[in-house]
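The structure appears right after this line, and notes come after that.
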Amino acid sequence: MTRISLAASLMAIAVLCVACGGGGGGTSSNQPAVPASSSTGDNSPGQGSQSPGETGGGTGTPVGNQITVSVAANQFGSVDAPIASVTICVAGTTTCQTIPDVLVDTGSFGLRLAASAIPSSFPLARATASAGGTLAECAIFGSGTTWGSVAHVDVHLAGEVAPQLPIQIVGDNAVGAAPSFCTDQGSGDISSAQLMGYNGILGVGLEDQDCGSDCAGSNALGLYYGCATTNSASCLGTTVPLAAQVSNPVANFPADNNGTILQLPSVVAGGAASATGTLTFGIGTQSDNALASNATVYTLTGLNSEQPLTFTTKFKGVSYTDSYIDSGSNGLFFDDTAIASCADMPFWCPTSPFSSTASITGANNAQSTQSFSISNADTMIEQNNDYAMPELGAQLSGAFDWGLPFFFGRSVYTAIDGHAAGGSTGPYYSF
């Protein structure tokens with residue numbers, strides 16, 4: 001999921017990938033959804049109450065500053081989806097709940113959990129809006145909008161804790177069903193686990209908050225509201241201080257808070273059933289997260305630029321200044337109408353693999369040439385039942401989205417804006 005600035009704001013317009021039930025990641029344009037090739041369960045959490053040191057969803061015991069990330073079969077059938085488990089606790093207590101099947105998204109900022117994935121017995125501390133009533137948010141993504149309340153919890157990721165973090169509770173009945181003034185801003189309502197394609201979205205991208213100074217000084221962007229009743233149609237727009245906005249958990253860790261490293265193994269051409277890697281917190285803060293000596297730093301355009309937090313990709317002679325690297329996008333999305341589309345799903349289905357190269361140039365003029373391939377999505381998904389696919393892609397005009405296939409076989413560093421990280425200052429990508 002990639003956020004694109006609107007009026008040079010920090011507004012998190014993210015892209016949901018093409019996945020089961022309309023959820024998933026993609027690009028800033030509207031991405032269609034593909035039906036799940038298989039489903040392994042319903043969206044009930046089924047985890048039980050746990051202590052912060054325990055895990056759910058098969059991720060193993062958290063250690064230090066790393067969590068396990070799995071691209072594999074999941075209860076929603078979402079493909080090319082890096083998922084992990086996230087533990088939330090009542091602030092300052094050991095009353096905790098672990099939520100499985102949460103998308104690890106370097107393209108958005110903030111933790112969003114489906115209300116259906118949180119047991120009703122878990123006491124949520126919902127925030128109060130400056131305008132009065134319960135604070136709610138309408139988060140805008142390329143595939144639709146998520147509506148829900150804002151609540152404060154302690155977020156535990158391995159040995160890291162983001163205390164009293166404001167998160168979004170998507171589809172929370174406390175603020176009613178998604179109102180038309182929210183859904184009209186996107187391509188549809190995705191305010192449920194099934195519609196998102198995940199139990200939540202762990203946004204660990206380039207910014208500290210999901211809106212920033214724009215929402216602190218004005219409600220003109222239409223992201224935050226005060227809801228005095230459960231009739232969401234009567235909610236009133238409100239300003240929200242930076243500290244009260246839905247926030248990037250990583251930026252709120254006491255240490256290891258300047259960025260992340262997502263590392264996934266190589267996957268054979270044609271795809272595989274699964275791939276397991278790690279998300280490491282911090283860049284250059286511990287012995288296990290040093291910026292590799294052979295990694296190149298690509299700084300990004302400023303927030304006041306026409307297309308903030310992006311770099312340039314040159315492909316087939318065309319320069320796409322709106323380019324980004326995004327683990328929440330489940331394919332490579334770019335403009336090439338010569339590649340055959342699938343008849344039954346919104347991906348490419350060439351009769352033989354399409355291979356090409358494109359050059360990447362950062363705002364600091366760092367440059368490299370990247371090779372990539374596109375294969376038949378119908379074969380990979382429907383026939384092979386693959387979930388990890390380095391050659392999945394689809395048509396996108398006007399931008400170049402280096403989604404999850406770009407992450408296979410490398411370490412991708414995402415440095416948060418304004419934070420010193422490994423000898424450079426974010427925002428930047430490095431690989």
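Within the bounds of the range 226-245, is there any residue that is hydrophobic (A, V, I, L, M, F, W, C), within 18 Å of the chain's Cα centre (by Cα) and on the phi < 0 side of the Ramachandran plot? No; the residues of the range 226-245 include none that is hydrophobic (A, V, I, L, M, F, W, C), within 18 Å of the chain's Cα centre (by Cα) and on the phi < 0 side of the Ramachandran plot.
Can you list the strands (runs of 3 or more DSSP E) lying wholly within the range 120-202 that have 2 or more residues being under 15 Å from Y224 (Cβ atoms) and small (G, A, S)?
Ranges flagged: 134-141, 144-157.
Residues in the range 399-420 that are in contact with a helix residue (DSSP H, G or I) (Cβ under 8 Å, 6 or more places away or on another chain) and not in a strand (DSSP E or B): I416, H419.
Of the residues making up the range 342-369, those that are under 22 Å from V268 (Cα atoms) and out of contact with any strand residue (DSSP E or B) (no Cβ under 9 Å at 6 or more places or on another chain) are T351, S352.
Of all residues in the range 105-132, which are among the β-branched types (V, I, T) and over 21 Å from S85 (Cα atoms)?
Kept after step one, since they are among the β-branched types (V, I, T), are these residues of the range 105-132: 106, 118, 128.
Listed by number, the list holds a single entry, T128.
The set of residues in the range 314-337 being more than 19 Å from A415 (Cβ to Cβ) and part of a strand (DSSP E or B) consists of K314, F315, V318, S319, Y320, T321, D322, L332, F333, F334.
Scanning the range 317-355 for residues that are over 15 Å from S375 (Cβ atoms), touching a residue at least 24 places away in the same chain (Cβ under 8 Å) and open to solvent by 70 Å² or more (accessible area, probe 1.4 Å) yields T337, A343, D344. Considered as a group, the residues in the range 121-131 that are at pLDDT 95 or above and of a type outside the set (K, R) include one that is farthest from A415 (Cα to Cα), and that residue is S121. Cβ separations smaller than 7 Å between residues 6+ apart or across chains give the following pairs from the range 70-81 residues that are open to solvent by 10 Å² or more (accessible area, probe 1.4 Å) to residues that are part of a loop (DSSP other than H, G, I, E, B) and at pLDDT below 95: A73/S38; A73/T40; Q75/S39; Q75/T40; Q75/G41; Q75/D42; Q75/N43. Would the range 370-383 turn up any residue that is out of contact with any strand residue (DSSP E or B) (no Cβ under 7 Å at 6 or more places or on another chain), outside any loop (DSSP other than H, G, I, E, B) and hydroxyl-bearing (S, T, Y)? Yes, because at least one residue in the range 370-383 is out of contact with any strand residue (DSSP E or B) (no Cβ under 7 Å at 6 or more places or on another chain), outside any loop (DSSP other than H, G, I, E, B) and hydroxyl-bearing (S, T, Y).
When T369, T425, T379, T414 are screened for being in contact (Cβ under 8 Å) with a residue 24 or more places away in the chain and open to solvent by 10 Å² or more (accessible area, probe 1.4 Å), only T379 passes. Cβ-Cβ contacts under 6 Å between residues 6 or more apart (or on different chains), taken from a first residue in the range 201-220 that is over 22 Å from A129 (Cα atoms) to a second residue that is open to solvent by less than 40 Å² (accessible area, probe 1.4 Å) and charged (D, E, K, R), are listed as I201/D105; I201/R112; G203/D105. The condition of being within 30 Å of A151 (Cβ to Cβ), modelled with pLDDT under 95 and outside any strand (DSSP E or B) holds for only one of L309, L303, that being L303.
Figure legend. Inter-residue proximity from the range 118-139: first residues of a type in the set (V, I, T) and surrounded by fewer than 18 Cβ atoms within 10 Å (Cβ to Cβ), second residues in a strand (DSSP E or B) and modelled with pLDDT under 95, beta-carbon distance below 7 Å, spacing 6+ or different chains. No pairs are indicated.
Listed conditions (1) within 23 Å of G142 (Cα to Cα); (2) open to solvent by 30 Å² or more (accessible area, probe 1.4 Å); (3) among the hydrophobic types (A, V, I, L, M, F, W, C) are all met by A363, apart from (1).
Return yes or no: is T285 under 30 Å from S375 (Cβ atoms) and either part of a strand (DSSP E or B) or open to solvent by 40 Å² or more (accessible area, probe 1.4 Å) (or both)? Quick ask: steps written out before the conclusion?
On the way: under 30 Å from S375 (Cβ atoms): no; either part of a strand (DSSP E or B) or open to solvent by 40 Å² or more (accessible area, probe 1.4 Å) (or both): yes.
Considered against the rule, which asks whether it is under 30 Å from S375 (Cβ atoms) and either part of a strand (DSSP E or B) or open to solvent by 40 Å² or more (accessible area, probe 1.4 Å) (or both), T285 comes out as no.
The values are calculated or read from the model by the stated rules, or taken from the named source; none is laboratory data. Since we're looking at a predicted model, the values are computed, not measured. Positions of Cβ are generated from backbone atoms using ideal geometry, with glycine treated the same way; all protein chains shown enter the neighbour counts. In case anyone asks, the SASA skips ligands and DNA or RNA and just uses the protein heavy atoms, side chains included. Shrake-Rupley method; radii C 1.70, N 1.55, O 1.52, S 1.80 Å.
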